[in-house]
Amino acid sequence: MSWNLNGRKNNRQKGLVLVMVTAAMMALVGVAALSIDVNHALMNKSRLQNSADAAALAAATVIDSDGSTGEATTAANTTLTNMVNASGNSSMSFSDGSVIVQYSNDPEVFPTPPLTQAAGFDDDDDTFVRVVVSNYELDNFFAKVMSVEKKLSVSAVAGPSPSAPAVNVVPMAVCEDESASGSNGYDTGKLYALKLADQSQSDMGAGNYQLLDFGSGAATVRDALAGGYEGRVGIGDTVLTKPGNTVGPVGQGLNTRFGNYSGGGLDASDFPSDVYVKEPTKKATLDNNGDVKYDDNSGAGGEGWAYTDYEAALPCNGDSDCRIDSGGQYDRRILIVPIVDCSGASGGTSSFTVTALGCFFMLQQAPTSNSGKEAVFGEFLYDCSAYGGTPGQNSDDDGPYLIVLYEDPDREDS
């Protein structure tokens with residue numbers, strides 16, 4: 001009798017274990033199945049957000065280039081289409097969701113969809129763009145068993161960053177030329193004289209050699225050209241010229257960027273050299289008309305040695321002109337030079353308005369005497385832009401800026 005009772009108990013226990021194991025296995029299978037849907041949703045949300053970011057940046061760039069809101073909207077939609085056609089995005093289709101492109105003069109205030117423009121919007125002021133993709137449907141794998149539909153919504157806001165004055169500016173300036181091509185008359189890859197040896201070649205008037213007055217005394221000029229100027233210069237600021245050639249201090253300051261510390265009390269601890277100090281075999285010169293003459297052929301393909309050759313040489317380990325191991329710093333040969341409006345030049349100490357900031361690559365060492373009537377030469381690279389501006393709603397036209405992404409005020413995860 002007792003044997004029968006024990007047998008029944010064992011059978012009941014075996015049945016209970018089987019039920020529990022089956023339930024646990026079903027739960028694990030369910031979790032695994034749902035995880036596939038969750039991972040699929042997360043992957044597509046990332047793709048969708050990247051697409052919205054790219055579309056907002058494209059639209060904001062069109063607006064910044066004086067395009068209309070209609071052209072900007074077209075650019076946003078074209079960007080989304082291109083994202084769909086990109087490798088790995090074949091499963092995406094923006095016909096599966098609603099796309100709205102909105103405009104505002106304040107990155108913190110956008111209209112409620114389906115409106116496209118904030119109240120009081122003025123396209124002559126700073127314009128911020130928001131791209132909203134809502135109710136984007138995803139394919140279900142196992143979630144449909146639980147009657148769950150996957151829909152995503154993302155948004156992105158883009159517009160101009162606040163302007164920021166440039167730091168580490170050198171006390172030299174060049175005159176703009178709005179009638180010429182390029183940025184304020186300066187073409188990328190072209191060589192220019194940044195500081196002259198002959199005042200008659202300057203558009204700044206008699207007595208000027210394209211130096212600026214960042215403080216009195218030769219020591220101030222020397223330190224500032226070595227990179228010691230701590231002030232800021234922005235577009236719209238007024239700068240004063242410094243009459244006089246000041247050849248020695250100019251060369252002593254600039255040439256620290258090549259590791260040359262001959263005179264002036266400057267040293268490598270305060271003013272390290274660039275990481276790469278190679279110069280062209282045949283140096284650039286100015287002719288009697290003030291035109292640059294550069295007949296060097298030591299660059300790639302027998303061309304004149306230039307910034308592209310400098311870049312190609314990096315990280316330059318093992319090169320005799322490499323200064324990485326001795327404490328050289330990157331970009332020391334890139335000079336931030338104010339581009340000014342010289343239309344009112346009268347000679348002597350003059351004030352000019354800064355209209356742009358140009359980044360120039362210092363091609364060769366500066367002269368330390370005026371015996372050869374040599375200039376200081378720089379290859380124009382680009383308009384110096386603000387890389388450290390703090391995003392906000394205080395952007396203006398009085399300084400360099402970038403087109404950047406902002407947080408969407410209505411979506412914490414944008």
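Hey, any hits in the stretch 65-87 for a residue that's closer than 14 Å to Y136 by Cα and modelled with pLDDT under 85? Checked against the condition, which is being closer than 14 Å to Y136 by Cα and modelled with pLDDT under 85, the stretch 65-87 yields at least one hit. Among the candidates F377, F352, the residue that is out of contact with any Asp or Glu (no Cβ under 8 Å at 6 or more places or on another chain) and modelled with pLDDT of 90 or more is uniquely F377. Just one of (1) part of a helix (DSSP H, G or I); (2) modelled with pLDDT of 85 or more fails for V101. It is (1). Of all residues in the stretch 173-194, those satisfying the criterion of being out of contact with any Ser or Thr (no Cβ under 9 Å at 6 or more places or on another chain) and modelled with pLDDT of 90 or more are V174, Y186, T188, K190, L191, Y192, A193, L194.
Could you grab me the full set of residues in the stretch 281-302 that are assigned to a loop (DSSP other than H, G, I, E, B) and under 29 Å from the mean Cα position of the chain (by Cα)?
G299, the sole residue that qualifies.
The residues listed here are G248, G244, G205, G227; of these, the one that is assigned to a helix (DSSP H, G or I) and at positive phi is G227.
Are any residues in the stretch 391-402 in contact with a Pro (Cβ under 6 Å, 6 or more places away or on another chain) and either among the polar types (S, T, N, Q) or at pLDDT 75 or above (or both), and if so, which ones? Within the stretch 391-402, Q393, N394, S395 meet the criteria. Among the residues of the stretch 258-270, is any within 21 Å of C359 (Cα to Cα) and touching a helix residue (DSSP H, G or I) at 6+ places or on another chain (Cβ under 8 Å)? Looking through the stretch 258-270, none of the residues is within 21 Å of C359 (Cα to Cα) and touching a helix residue (DSSP H, G or I) at 6+ places or on another chain (Cβ under 8 Å).
With respect to the conditions (1) among the aliphatic types (A, V, I, L, M); (2) buried (at least 22 other Cβ atoms within 10 Å of the Cβ); (3) assigned to a helix (DSSP H, G or I), A219 falls short on a single one, namely (2). Part of a loop (DSSP other than H, G, I, E, B) and under 24 Å from the mean Cα position of the chain (by Cα): is that true of D267 in this structure? Judged against the criteria, D267 is not a match. When every residue of the stretch 306-323 is checked against the conditions, none turns out to be among the acidic types (D, E), part of a loop (DSSP other than H, G, I, E, B), under 26 Å from V239 (Cβ atoms) and in contact (Cβ under 8 Å) with a residue 24 or more places away in the chain.
In the stretch 309-318, is there at least one residue being within 19 Å of D187 (Cβ to Cβ) and of a type in the set (S, T, Y)? Yes, because at least one residue in the stretch 309-318 is within 19 Å of D187 (Cβ to Cβ) and of a type in the set (S, T, Y).
Just checking, which of A197, A156 is in contact (Cβ under 8 Å) with a residue 60 or more places away in the chain, of a type in the set (A, V, I, L, M) and closer than 29 Å to Q364 by Cβ? After applying the criteria, what remains is A197. Across the stretch 163-172, what is the total count of residues that are in a strand (DSSP E or B) and either closer than 19 Å to T241 by Cβ or modelled with pLDDT of 95 or more (or both)? Adding up the residues that qualify gives 3.
The values are calculated or read from the model by the stated rules, or taken from the named source; none is laboratory data. Fair warning: this is a prediction, and the values are worked out from it, not measured in the lab. Cβ: placed from backbone, ideal geometry, glycine included. Neighbour counts: every protein chain shown.
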